[in-house]
Each structure stands twice: as C-alpha cells, then as structure tokens.
Amino acid sequence: MNQTFESGDLIRCRWGGKDFSGVYVTERDGSIVVKLSNGYNIGIPLSVCSIEQKSEDTNIIVKTIEQDKSLPVLSIISTGGTIASRIDYRTGAVTSQFDAEDIVRTIPGLAGIAQYRARRLYNILSENMTPSIWQELAREIYDEIKDGTYGVIVTHGTDTLAYSASAVSFMLDSPVPIVFVGSQRSADRPSSDNVMNALCSAKACVSHLGEVAVVMHSGSSDDRCSIHRATRVRKMHTSRRDAFQTISGEPLGHIEYPSLEVSLNPHTQHRNSKELSLNDKMDKNCALLYFYPGMDPSVIKRYEDCHGLVIAGTGLGHVNSGLIREIGHFIGNGGEVVMTSQCLHGRVCDRVYDTGRDLLLSGVIEGEEMLPETALVKLMWVLGNANGHEEVRSLMQSNLKGEFRMRSFYGL
Amino acid sequence: MDYDSLGLMAGIEIHQQLDTREKLFCHCETRLRESSESNRKYFRYLRATESELGEIDRAAREEMKMERKFTYHAYDTTCLVEDDEEPPGPLNPEALSLCLTIAKVFGMTPIDQIHIMRKLVIDGSNTSGFQRTALVAVNGYLPSDGDIETICLEEEACQRIEGDNFSLDRLGIPLVEITTGPFMRTPDEVQATAAYLGMVLRSTGKVKRGLGTIRQDINISIKDGSRVEIKGVQELDLISEVVRREITRQVSLLQIRDELLRRGASVSSETKDVTSLLKGTKSEVLKRAERIIVVTLKGFGGLVGSEVQPGRRFGTELSDYAKKCGVGGIFHTDELPAYGVTEAEVLSIRNFCESEPSDCLVLVSGNKREVICAARQVIDRAEAALTCVPEETRKMLPLGNTSYMRPLPGAARMYPETDVIPVKIKSEEWGRIIIPELLDVKAQRFVTAYGLDPAIARQVVFSEYLPLFEAGIEEGIKPAILSRTITSTLKELRREGVLISNLTNSDIISVLRAVDIGKVGKEAVPDLLLAVAEGTVVDAAIEKSSSGLTKDDIRVIVRKVISEREEFIREKGMGSLGPVMGIVMKEVRGAVDGKIISEVLKEEITSFLSGAESP
C-alpha cells in the first residue's frame, strides 16, 4: 500500500491486536508518528494504518487585540528565536508568533506597556547569523527610529545574540533604547523565561535607557532581569536562564518582576543623549583565533587573506613565541592583529613579559579590556571605516560604545 | 447498593515509582531527602500556553485563576535538569527496560517507536510546567479477564512541602503508569485489581517501597452520573471505600438535581454586594473581608446543606470551587445563622437580595478580585447541579471522601518533548526481556519447596528481604531460619530501634551460616545482628560470640557434668536430659547451638546409662 498522509489527517491503525483512530503527525526514522485520542504520540509502521478522513482546516480562533493608543509605540523586530509561540495540540507542532497582535495575544502583559508594530526580518537560528544580517538589522532599526519609534525590541536566538547586539551598537548612534531579548527555555513551555524577558525588555524600551542593550534573566528565579550593555555582555552558560552576564563591571540596570520597576545605574547612557546616525560599513574579512599551547605558526599563515585577526591569547595576552614571526608577517602584509584574553576578565597588557613586548614590536594592538567577540565585531567595523593602520589602532584603543573602560576595578 | 443497576464502571490508573539507580532524564540518584537538607531555593511563575485553537486547556485555566509563585527546594542530589535549567538527557534505559518487563507480564504489545511527550501540569509540581511521559505499550490483560489499556513511563513530580513550596528530590524519579480498562463493576473488584497490579509491580523487585511510592487514580462513573477521576489514593485498603463514597456522592447529587428540577430552581447570574450591610458583623471571617457578595440560588433552599458524602454537603462542593480563587470558603443560608452571623443579619441580607425563603444565598468574602472569581465559580457549579454531575478531577481526603481539584483535563494538553529523541524498541530487545516470577506464584513455590507456612511464605515474598531469602537458599541456609529471621528477628530489631538498614544481605547470611554449622547458637542471632548493625565487622562478631568449642570439647564438658550428677541421671534416666541440658548451656554460656549440645548429651547419657546398667 503506497499511501501518503498529510499532517492532520485522521487515520485508522491496528497495533497490539486492536484498531484505533489517531491523527497523522509526521514521518520519523521509518515510522509514522500518530497522535492518539489520549494525547500521546506513538511511532508505528506506515503499513498498519490507512486513511479515515482527510485533514480539515481547523478554525483558528483569533481574538482581536485592541492596542492602547495612548501608549508609546515600540517596534519589535524578530530575527529568529521565539518570544511567543503557540502549540497545535492536534499535531503537537509549535509555531512561533511574529505578528504584533499574535505576540501581544500570547503575552497579554505587553499590552499595558506600549503599542507595538512588529516585523519579521529573518527567522533563522542565531548560529546562522552573518555580518551582512547585522548590517541589514542595523538599517532596519535605523528606519524604525527614523519613523519615530519610542524604542526597538529585537528578538534573537541567544547563541550569537551578544555579537549582533554589539555589531548594532557600533553601527548605530541612537536616541532611543534598542533592546535585544531572547529566551533560554522555549516559549512553548509554561516555565519559559520568554514572558518575563519580553515584559522586562518592553519596560526597558519605555525607560530612560538610551543605548543598545540585552535584557535577560538575572538569576534562576523569576524575580528580576538585568539590562546589559551590548558590548560587555556574554553568554556564559549553555542553558541557564541567567546565562547572560556583564563581564567585568555592573549591568546597566535591572527590571524587577513582577512589579516591572526599572532602575538604571549611573553609567547608563540616557534617552536622547545621541543623535540618530547610521554607519553600517563593515569589513567582514576578519577572524577570531583562539590560541592554544603548541599552536603551529602555519595556523596564522592560513589566515593570510584576512584583513584583520583578533586573537584570544592566554593570560595578559600571549601566544607562544613561535607564532610571533608569522604574526609580524601578517601585519607586515597590511593585516591588523588585536590581542584579547581568554581570561575574559581583566585587561590585556603585553608590556610585562618578553613575549608580549615582542608581540607589540611586531605591531599587535592591545585589545584592552574588550571581550574577544566584541573585539572581532569592532575590528570589522573599524576596518570598514578607518584609513590606515594608525587610525585602526587609535579607534581600536578608543572606547566607542562602552566596550572597555580606561580603569579596571576590583570585582568580576 | 446494587452496583449493577447503578451502572457502575470503574478503571484504575496505578502509578508506581521505580527503584532505578538514576532518574528518568538525568543522572541524579533517586533518593528522597528531608526538606531541611535543601541547599538552595528559587521561585518561578508558570503560565499556560495558548493552543493553536486559541484554547488554553480547561484544567490549566483553572490552575491559572490565581497568579501563583512557586518556590522550589534544591539539594546536592538534584541538578540543573530538575531546575528546568538544562535540557533533559536521554531516556533512562534501566527504567525503560523495567517498564517493558511489566508490559510483558501483562502480555502487552510494545510501541514500535516511543515518543516522549510533554503533558501540561501547571500546578507547580513540575518546574517545566509539564510532566514528561511516554506511551510504551498497549493492550494487555489480567487473569480476571480485565484489560490493561496502556502502560506509560513518566517522570515523578515534585513533592509538595506546603502551600506553593515544592521539593525537587522526587522530581524525575521514573514512574510507570498502568491504565486499566473501565471493566470493574464493584468497589471490591476495584480494590482486588489494585492489589493484583501492585503484586505484579512488586514482582519485578525493582520498585520503590513505602507510603507515596505507589498511588492509584480511580476513574468512576455511574449511569446518569459523570466520569470522575480520584487522584492519589495511597492506601490500598481504602480503595473500595473511596469508590463507595463516590457512588454515594454521585447518587446524592443526582437526587439533588431531580429535586431542583422538580422545584424549578435556577441560578441568578446577578450578584449583590452586601459589604456595607454587614459592616457591624461579629463574624471574624466577614469582618476581615474587603468585599462580601451574595449569589442567589433560587429554589436551592435546604438542598445546599444536604449531605453528599459523610460529613460533606452540597455546600462543601460549592466551597471547593470557590476556594480555587483564593477565598477561604463560603457561607450559605442553609447553615446560617452560625459562625458569628446573626439571624438579624441573615434576614437583612435576605431582604436586601429580595430572596424567597426557598432560596439559598451564598456569601462570598475576600478581596475584590477573589470574590468576583469565587462568585463565578459558585454560579458555574450551582448551574451544573441543575443538569449533571460535573466531570472532575478530585483528590482523596482521609477516610475515603474526596474534594474537588480541577476539571478533567482535556486531551488538548500534550505535545512532543523535542529535547528527547524517540526510542525504537527493537524486537530482539523485547525478546530478551525475562518475565519475573510473580510473587503469588513464588509464595506458593516456597510453601511446596521449602515447607513454609502459607502465611509466612506470603510475608517473605512481599518483604523487602525477599532477595535475602533467595540468596540464603542459594547459599544453602535452611529456609526455616531464613524465614524466621525475616519475619520475626529483623522486625523485632527494627522495633527496638536497631538500624537494620546497616545490615547487608551478606552480613545476615554470614551470621545464619555460623548458626547452621554450629559455630554459634541460634539464640545469639539477635545480639550478633545488633553488633554488626552497630559497626562490628561480621566475622569478628561471630568469632567473639563463638565459644570456639568443637564437638569433642563439648563432649568433655558434657561428660564432666554427667559425672558430677551420676546419681540423679541414674534415677531419672532419659528424663534427666532437660535439666542437665540447662546446666551444660550455662557452662558454655549459650555460645553453642542447643541442638548440638542436646545431640551430644543424648549420646552421652545413653552411653552412661547403658554402662551403668552393665555389671
């Protein structure tokens, strides 16, 4: 019997000596997945089932949502990752919601904070992000701000969220907050962090905040979210809700939950302190290299076509002395090398040991306190905009978007 | 009661924790902890997710009536998986194999490819807001001709400490859920079926023991009534009573319905605010309330106070519904004046609401949000009383009554657990599964093979020391001493507060072997086990207790005792055996098995007597 079913078809099957009806869900590894009337899915061979009734279009009940016209308008730009989703219990499929109405319907608390206009720019896994998409995103945000939005929420998969936020931060000067948000637990589950993160990000967007930030859970409890500076934030855990941490230093602020009270720290850039401007040029031909003991000089050579190289070195910013010559060649051929540290915390200082001094002599730029990922994004932006080695060095060693501080303080 | 004409139909869902080394989706041990041992706490809010059809599951919606903050207590034996901070690991193969073993006992057919599902449960008992569960096998049968519909492998939920505080130690312990068909027709049949299922589960030797490790949910319906699921019946002996009381409840509710219809009763959807009317009340509950509103149940007078289960009235049912909104309960005019509410107050409320004496007024008090919600609940429940017995999930109360928990969940609350890859059951794997000897059969075998008394045999097979008995037999220890140790010695020691959990089976077998070979007397067993339980190495304990006397040594002692009492023995003949035995036992201080002494003594007295008689 060569029959094909479509998701949602009512089918009749025989298993364990009894006949039963179920809904065809999908095919998986040679079995067909059938949803039984008790809600369970089971995988059984196609041959034991036949069609009973073709799928009918189910009536999706859509409640219309009235937005409160007296509230400020926020823009939601989605790039992937889900802030809102629905479950089709007939088939068990989980669908992400992108439309502003759908999002507000799924997270009703949002309606009390602002009005929304939403746009789906991309729907990709965050590991599939590219610098070109960062640029497109920056342009999109720019347009939204020009159109008068009071703040921009960018929903993003969490894996590379910090890279994108950092890239937008370098490309845009903004008078309004631009908040990146994601969820560490999928939005379909009752325990998802999506609702609280979304509410907190909306609240941050109507606050005095005036820079690019990431808003995510502060801890494992549902008690507060942190507002992190885009250029100082890093995903520090594979799965925990509080994976995002500001590295070295305090976050920009917090939002308490469920009161949604926002508090900003003194070092936060406030709303309207910058004029809107977009500088979206980037030189994508850059790489990030993680040094390890015994790394062969030929590894550096393989990057010879790159225009810029960020190295995550050891300790104060070191690589083995065997690499220095090759690094010198790379720079000699017009490339730029920025040194950062695998320690993540603390400042690079290549003046303490011989290896460091030799690196400096060969033309390596000390990446100060910059996170390796931020340094990479910044280098792309600097190479897209600067002329000549000296300007590159000068920009890389200037604090443009809070990516480093001139003074280091105690505490991680 | 004539259950046949009532049209009783009942089925059981039995939930049994498995005694696996690790939890179902992580590598944490399956040990329960005291909540005082918790080393970390955190809290979360759970929210129901809207389904494609724009619906939120009705049971989930009920739980959402109050915004609830759930606090979880973590331990050094729990991990990020229980915290819902890390994706689950693969399905525990030990648990799956056990589940398949049970399925095979019932002649079930395993599912080709097992899919793990997420079943929405937002009462806080699962950190994720769902319980992971998988349908493993279908269509089995019982010797009674009843059918088993399904067997599922699930993760256990958190243990509620109190209120909205939950303990994570239990979350994730593997659980099998066996669902029977609704084939049972009498309360006793329900109890007998539960007992049989329990016996089969115990036969695997790998299920947890103790209160709460096995729970029965009972599905009951009668003709004209509705399907009601009673959750969490833990005591087997109460099952038939629970069924009887549920039947009573449904029959009473149907009688109430008939009477309401006869009276032309109705429920007013309009409520009246009587807060100011009751300003000067002496009632403690009402005095505290921010708002008091009244629901008018037209023609319900007298029926709200009528009993539906021993000590529970129809009013209690209304109150259960109202409590879902956070109020402490309700007052109704069938029970007033009482609780500090005066006759005059009742009268003024009645006047204010323009109610007839045949009406019953229900007072709901609390804050604004609570009373609106609670009044709605009372109205809904009272309206339902005019047509049917509502389909409900109920929880068991002590002695077999039940109270309302939530509506029966719809089927619309399961979706795939995408973080766990489906598991294929290979036919070789199924073929390799060995069906364990059922404990009923084993008990019978112990009677015939080892000559145990049937009652003792049952005690042994259902005891946690069954493995000790079987290992002891394997080692050649006599069944009688093994069964006595299990059914009496160990029990006595436990009663005396000895930490018998410190004793390994091999410790106990070593002690019994020493008795068997006559190294120590059987009288010394309790003291020996005590010493070992308190930390003495078993061999050292035996050595210390043993007299070190060989049979020849004993013979020397016996001869000495005889020579000192020649006259007495000559006079009494073999009748002297008993008294002399006591003297010898004293000499060896009980460190030699009495049987050996008696054996030697018999030989020696016989030989002495025959020698003495000879010229």
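Looking at the stretch A:330-412, the helices (runs of 4 or more DSSP H) lying wholly inside it that each contain 1 or more residues that are touching a Phe, Trp or Tyr at 6+ places or on another chain (Cβ under 9 Å) sit at A:372-385, A:388-396.
Only residues that are more than 27 Å from the chain's Cα centre (by Cα) and of a type in the set (Val, Ile, Thr): list them for the stretch B:459-484, please. Show your work before the answer.
Residues of the stretch B:459-484 more than 27 Å from the chain's Cα centre (by Cα): B:471-482, B:484.
Hits for the stretch B:459-484 are B:Ile473, B:Ile477, B:Ile481.
Rundown of residues vs (1) within 8 Å of another protein chain (Cβ to nearest Cβ); (2) surrounded by 20 or more Cβ atoms within 10 Å (Cβ to Cβ); (3) at positive phi; (4) polar (S, T, N, Q), yes/no style:
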{"site": "B:Tyr72", "(1), (2), (3), (4)": "no, yes, no, no"}
{"site": "B:Tyr75", "(1), (2), (3), (4)": "no, yes, no, no"}
{"site": "B:Cys79", "(1), (2), (3), (4)": "no, no, no, no"}
{"site": "B:Asp112", "(1), (2), (3), (4)": "yes, no, no, no"}
{"site": "B:Arg170", "(1), (2), (3), (4)": "no, yes, no, no"}
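On inspection, B:Val190 fails the criterion of being over 19 Å from the mean Cα position of the chain (by Cα), buried (at least 22 other Cβ atoms within 10 Å of the Cβ) and more than 9 Å from every other protein chain (Cβ to nearest Cβ).
Answer yes if at least one residue in the stretch B:266-277 is in contact (Cβ under 8 Å) with a residue 40 or more places away in the chain, not assigned by TED's automatic domain parsing to the domain that holds B:Gln16 and not in a strand (DSSP E or B), and no otherwise. Scanning the stretch B:266-277 turns up at least one residue that is in contact (Cβ under 8 Å) with a residue 40 or more places away in the chain, not assigned by TED's automatic domain parsing to the domain that holds B:Gln16 and not in a strand (DSSP E or B). Quick one: is A:Gly313 surrounded by 16 or more Cβ atoms within 10 Å (Cβ to Cβ), under 26 Å from the mean Cα position of the chain (by Cα) and either outside the structural domain of A:Leu371 (by TED's automatic domain parsing) or under 19 Å from A:Gly356 (Cβ atoms) (or both)? In short, yes.
Is it the case, given these coordinates, that B:Val327 is crowded, with 21+ Cβ neighbours inside 10 Å, in contact with a Leu (Cβ under 9 Å, 6 or more places away or on another chain) and within 21 Å of B:Val371 (Cα to Cα)? Judged against the criteria, B:Val327 is not a match. Criterion first (farther than 28 Å from A:Leu278 by Cβ and in contact with a Leu (Cβ under 6 Å, 6 or more places away or on another chain)) does A:Asp350 satisfy it? Spelling it out, A:Asp350 is indeed farther than 28 Å from A:Leu278 by Cβ and in contact with a Leu (Cβ under 6 Å, 6 or more places away or on another chain). Residues of the stretch A:193-223 that are within 12 Å of another protein chain (Cβ to nearest Cβ), of a type in the set (Ser, Thr, Tyr) and over 14 Å from A:Ala243 (Cβ atoms): A:Ser221 alone. Of all positions in the stretch B:438-458, at least one carries a residue that is buried (at least 21 other Cβ atoms within 10 Å of the Cβ) and part of a loop (DSSP other than H, G, I, E, B).
Please work out which residue is nearest to B:Val233 (Cα to Cα), limiting yourself to the stretch B:396-415 and to residues that are outside any loop (DSSP other than H, G, I, E, B) and within 14 Å of chain A (Cβ to nearest Cβ).
Per the stated criteria, the residue is B:Met414.
Restricting attention to the stretch B:195-205 and to residues that are surrounded by fewer than 22 Cβ atoms within 10 Å (Cβ to Cβ) and among the small types (Gly, Ala, Ser), the residue that is farthest from the chain's Cα centre (by Cα) turns out to be B:Gly205.
Here are B:Leu100, B:Leu80: which of them is in contact with a strand residue (DSSP E or B) (Cβ under 8 Å, 6 or more places away or on another chain) and of a type outside the set (Asp, Glu)?
Details: B:Leu80 fails: in contact with a strand residue (DSSP E or B) (Cβ under 8 Å, 6 or more places away or on another chain).
Being in contact with a strand residue (DSSP E or B) (Cβ under 8 Å, 6 or more places away or on another chain) and of a type outside the set (Asp, Glu) holds for just one of B:Leu100, B:Leu80, which is B:Leu100.
Among the conditions (1) surrounded by fewer than 18 Cβ atoms within 10 Å (Cβ to Cβ); (2) at pLDDT 90 or above, the only one that A:Glu56 does not satisfy is (2). The requirement of being in the same structural domain as B:Gly302 (by TED's automatic domain parsing), more than 30 Å from B:Pro467 (Cα to Cα), crowded, with 18+ Cβ neighbours inside 10 Å and touching a helix residue (DSSP H, G or I) at 6+ places or on another chain (Cβ under 8 Å) is satisfied by B:Val364.
Pairing each residue of the stretch B:90-109 that is in the same structural domain as B:Leu135 (by TED's automatic domain parsing) with any residue that is assigned to a helix (DSSP H, G or I), provided the two are 6+ apart or on different chains, yields C-beta distances under 6 Å for B:Val105/B:Val200. If you go through the stretch B:515-567 and pick out every residue that is surrounded by 14 or more Cβ atoms within 10 Å (Cβ to Cβ), on the phi > 0 side of the Ramachandran plot and under 38 Å from the mean Cα position of the chain (by Cα), you end up with 0.
Among the residues making up the stretch B:230-247, those that are buried (at least 20 other Cβ atoms within 10 Å of the Cβ) and closer than 16 Å to B:His15 by Cα are B:Ile230, B:Val233, B:Ile239. Scanning the stretch A:246-275 for residues that are out of contact with any strand residue (DSSP E or B) (no Cβ under 8 Å at 6 or more places or on another chain), closer than 19 Å to A:Lys235 by Cβ and free of Cβ contacts under 8 Å to residues at least 40 places away in the same chain yields one hit, A:Glu250.
Condition test on A:Thr130, is it within 14 Å of chain B (Cβ to nearest Cβ) and loosely packed, with under 15 Cβ neighbours inside 10 Å? Can you show your working first?
Details: within 14 Å of chain B (Cβ to nearest Cβ): no; loosely packed, with under 15 Cβ neighbours inside 10 Å: yes.
Considered against the rule, which asks whether it is within 14 Å of chain B (Cβ to nearest Cβ) and loosely packed, with under 15 Cβ neighbours inside 10 Å, A:Thr130 comes out as no.
Of all the residues in the stretch B:416-456, those that are more than 14 Å from chain A (Cβ to nearest Cβ) and closer than 30 Å to B:Phe130 by Cα number 1. Within the stretch B:125-142, the set of residues being surrounded by 24 or more Cβ atoms within 10 Å (Cβ to Cβ) and not in a strand (DSSP E or B) comprises B:Asn126, B:Thr127, B:Ser128, B:Gly129. Does the stretch B:530-545 contain at least one residue that is acidic (Asp, Glu), under 15 Å from B:Glu599 (Cα atoms) and part of a helix (DSSP H, G or I)? No.
The values are calculated or read from the model by the stated rules, or taken from the named source; none is laboratory data. Since this is a predicted model, take the numbers as computed values, not measurements. A quick note on method: Cβ atoms are made from the backbone with ideal geometry, for glycine too, and the neighbour counts reach across all protein chains shown.
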